[in-house]
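Here's the structure, in structure tokens; my notes come after.
The values are calculated or read from the model by the stated rules, or taken from the named source; none is laboratory data. All of these numbers come straight from a predicted model, not from anything done at the bench. Here the Cβ positions follow ideal geometry from the backbone for every residue, glycine too, while neighbour counts run over all protein chains shown. Please note that ligands, DNA and RNA were not included when accessible areas were found on the heavy atoms of the full protein model with its side chains. Shrake-Rupley method; radii C 1.70, N 1.55, O 1.52, S 1.80 Å.
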Amino acid sequence: MPDLLDPGRPSAEYLEALPGWAMVRSLMGGTLAMRAAGERYLPRYEAEDREAYRTRLARAVLLPAFEEAVRDISSRVFSRPLVLGEDLPRRMVPWMDDADLLGNALQVVAERWFAEAVATGLGWMQVEMPGPDTPEHLRRPYLIPLAAEDVIAAYPERVDGRWRLAHARVRHRVTERGGFQERQRDYIQVLEPGHSETWVREGKDWLLVDETETGVDLVPLVPLRLGASIGALAARPPLEGLAHLNVAHWQSASDQRNILTLGRFAMLALSGPAPENAEGMPLEVGPKTFLHSPETGSRWYYVEPAGTAIQAGERDLERLEAQMTRLAMEPLVSRPGTATATAAAIASSRAHSTVKAWAMALRDALEQGLDIMARWGGEETGGSVDVNTDFTDQREAADLDALAHARDGGDLSREAYLGELQRRGVLSWAYDAQADAKRIASGG
């Protein structure tokens, strides 16, 4: 098939980013996904037969350090609900309670989108409109969070001095039911400003099944890129170092579990000629087995491995776990700024961290998505969104005693003290210091 008639052909940037995405996807899938990956992340030794390898693979258990780091970062950003701006068109307000037309509010859709970008470095949000067969009063734009692998090609262009998407190809795998049977079919959606095409795969060929003018002069896709750039629109996982360490821990833990299995069972050895009845027959060993050798100098004994290899494996696992903990915390640690450490701990300045930058990128991307929804729905603008960008710095977690001491000494106001406790998550984001002060004053 000529390349020009193959909408399923991925871009070079996509192919370059795919191995990194595959690694983090397996880590996010847990132990079963890592076992399914087999020799890709747990190599088979040269002298290891396949049955022994399958046994070793079946015993391997993943420490979900990467997955926990992704979920921890995402939960911090969404520890406070999104706050829609008053400039959001009134018509769009009820849309946010069912942002994806699947019953999920904008909060849920945005969190899924953000977690995808933290894991792979790139998350996509597609804005779509129901087909013309939908009743007019129910037709309105909705959001579809996409995985990094779903957008197989994306190309930008410069228009009036600003960059925008010029062409994108989105892959959708749909399960279609016929009676009691199921089959999966691949669809490719080709998106260009004001134009959309849908192609379906039939055998080795792609057939054009739909062509639509969207009415919006842009590609209704919004990228959320948090990782290092690969070309114009692809990205590497921002926690790639942690991912590699997690894979190394998976391999080391497999070796450790294997050597423990061998170390717990001593190996029977014979010094002298083989037993007279053992030629060509397997030797059975057990508590009721009688072992005999006709030679008077023969000796049966057990061989047990020394514990040095086991201890070395334990130290290697401990070292990897310490390194993973450090890398998982790095995005949450403030970067040095102009303010002193004391000033940062006591009150005024908010040190900049990687996760704060990611949260601000999410806010900008959400507003872009709302703007596309608004334009497709006949509104001029989509309004603003407030995303939580105030997190506890991991290096300030031990400052609670210092804050309490400063408060007791009169060096810190009640309002500032409570504000710092709220910022660190000790108090709920919904806590109202002024309302609480009025209740205290009234004896409530």
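Out of (1) under 15 Å from the mean Cα position of the chain (by Cα); (2) crowded, with 20+ Cβ neighbours inside 10 Å, the odd one out for residue 106 is which? Failing condition for residue 106: (1).
Among the residues of the range 169-192, just one is more than 24 Å from residue 10 (Cα to Cα) and of a type in the set (A, V, I, L, M, F, W, C), namely 180. Does at least one position in the range 14-36 carry a residue that is in contact with a strand residue (DSSP E or B) (Cβ under 8 Å, 6 or more places away or on another chain), surrounded by fewer than 18 Cβ atoms within 10 Å (Cβ to Cβ) and within 22 Å of residue 116 (Cβ to Cβ)? The answer is yes; a qualifying residue exists. Go through 32, 42, 27 for me and flag whichever is more than 19 Å from the chain's Cα centre (by Cα), over 29 Å from residue 206 (Cα atoms) and hydrophobic (A, V, I, L, M, F, W, C). It is 42.
For beta carbons closer than 7 Å, sequence separation of 6+ or different chains, a first residue in the range 202-228 that is open to solvent by 80 Å² or more (accessible area, probe 1.4 Å) and a second that is among the β-branched types (Val, Ile, Thr) and in a strand (DSSP E or B), the qualifying pairs are 207/200; 209/198; 209/200.
Tell me, yes or no, whether the range 381-403 has at least one residue that is within 17 Å of residue 219 (Cα to Cα) and either under 25 Å from the mean Cα position of the chain (by Cα) or at pLDDT 85 or above (or both). Taking every residue of the range 381-403 in turn, at least one turns out to be within 17 Å of residue 219 (Cα to Cα) and either under 25 Å from the mean Cα position of the chain (by Cα) or at pLDDT 85 or above (or both). Those helices (runs of 4 or more DSSP H) of the range 41-130 in which 3 or more residues are under 30 Å from residue 192 (Cβ atoms) occupy 106-120. Among the residues of the range 411-444, which ones are open to solvent by 60 Å² or more (accessible area, probe 1.4 Å), at pLDDT 75 or above and part of a loop (DSSP other than H, G, I, E, B)? Scanning the range 411-444 gives 411, 413. All conditions in (1) within 23 Å of residue 123 (Cα to Cα); (2) among the polar types (S, T, N, Q); (3) open to solvent by 50 Å² or more (accessible area, probe 1.4 Å) hold for residue 198, with the sole exception of (3).
For the range 21-42, what are the residues that are touching a residue at least 40 places away in the same chain (Cβ under 8 Å) and over 26 Å from residue 230 (Cβ atoms)?
Scanning the range 21-42 gives a single hit, 42.
So, of the residues in the range 37-50 that are among the acidic types (Asp, Glu) and within 15 Å of residue 255 (Cα to Cα), which turns out to be surrounded by the fewest Cβ atoms within 10 Å (Cβ to Cβ)? The residue in question is 46. Somewhere in the range 166-188, is a residue free of Cβ contacts under 8 Å to residues at least 60 places away in the same chain, open to solvent by 50 Å² or more (accessible area, probe 1.4 Å) and of a type in the set (A, V, I, L, M)? There is at least one residue in the range 166-188 that is free of Cβ contacts under 8 Å to residues at least 60 places away in the same chain, open to solvent by 50 Å² or more (accessible area, probe 1.4 Å) and of a type in the set (A, V, I, L, M).
The set of residues in the range 75-103 that are among the polar types (S, T, N, Q) and either open to solvent by 60 Å² or more (accessible area, probe 1.4 Å) or touching an Asp or Glu at 6+ places or on another chain (Cβ under 6 Å) (or both) contains only 79.
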